[in-house]
Amino acid sequence: RQGAGQLIQGMAASQPGKAGTILQIFTATLAGELLGHMSPGAAAGILTAMPVAEAARILKEAHPRTAARALSELPSGFAAQLLRSTDERHAALVLTHVAPSGVAAMLAEAPPDLSTRLLTRLSPAFRDLVMRRI
């Protein structure tokens, strides 16, 4: 699987749309696992080339740290769209692996009600760090 992830990553450098199309062929579980074998930048490039619903479906199946690294490389507006398309429990888990400044930027782009709900799911200490940056 590592070889497949690296192959798709190599393709993403010049053809992120094609790499995304190939990744979407796999089950969400396998596609999420393959993201873990790519650099965060390559994973983010592929995710931005996909429809939001497909990117969210795959990102949900990635390890939370893998998902966080990819989200951190995305424009905050696109990351917020992905958060909106993911169940809140999983989104909050992923956000705990993102730097507080990154979480603040993503939540600033998300609808206020979603931002509030996600903030309440974070630990008080981490929430405080994020709130200092909003």
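In this structure, does GLY5 turn out to be small (Gly, Ala, Ser) and either under 13 Å from the mean Cα position of the chain (by Cα) or open to solvent by 30 Å² or more (accessible area, probe 1.4 Å) (or both)?
no
Could you say which residue among SER101, SER115 is in a helix (DSSP H, G or I) and open to solvent by 60 Å² or more (accessible area, probe 1.4 Å)?
Residue meeting the stated conditions: SER101.
In the stretch 33-54, what residues are open to solvent by less than 50 Å² (accessible area, probe 1.4 Å) and in contact with a Lys or Arg (Cβ under 7 Å, 6 or more places away or on another chain)?
Across the stretch 33-54, the qualifying residues are LEU34, PRO40.
Applying the selection to the stretch 118-133, what residues are over 20 Å from ASP87 (Cβ atoms) and not in a helix (DSSP H, G or I)?
Those that are over 20 Å from ASP87 (Cβ atoms) and not in a helix (DSSP H, G or I): ARG132, ARG133.
For the stretch 79-88, what are the residues that are open to solvent by less than 30 Å² (accessible area, probe 1.4 Å) and either among the hydrophobic types (A, V, I, L, M, F, W, C) or modelled with pLDDT of 95 or more (or both)?
Selection gives ALA79, ALA80, LEU82, LEU83.
Does ARG57 satisfy the criteria of being basic (Lys, Arg), more than 15 Å from LEU118 (Cα to Cα), open to solvent by 40 Å² or more (accessible area, probe 1.4 Å) and out of contact with any strand residue (DSSP E or B) (no Cβ under 9 Å at 6 or more places or on another chain)?
Spelling it out, ARG57 is indeed basic (Lys, Arg), more than 15 Å from LEU118 (Cα to Cα), open to solvent by 40 Å² or more (accessible area, probe 1.4 Å) and out of contact with any strand residue (DSSP E or B) (no Cβ under 9 Å at 6 or more places or on another chain).
When you scan the stretch 29-51, do you find a residue that is assigned to a helix (DSSP H, G or I) and hydroxyl-bearing (Ser, Thr, Tyr), even just one?
The answer is yes; a qualifying residue exists.
The values are calculated or read from the model by the stated rules, or taken from the named source; none is laboratory data. What you see is a predicted model; the values in this text were computed from it and never measured. Virtual Cβ from ideal backbone geometry, glycine too; neighbours counted across all protein chains shown. Surface accessibility is based on the protein's heavy atoms, side chains included, excluding ligands, DNA and RNA. Shrake-Rupley method; radii C 1.70, N 1.55, O 1.52, S 1.80 Å.
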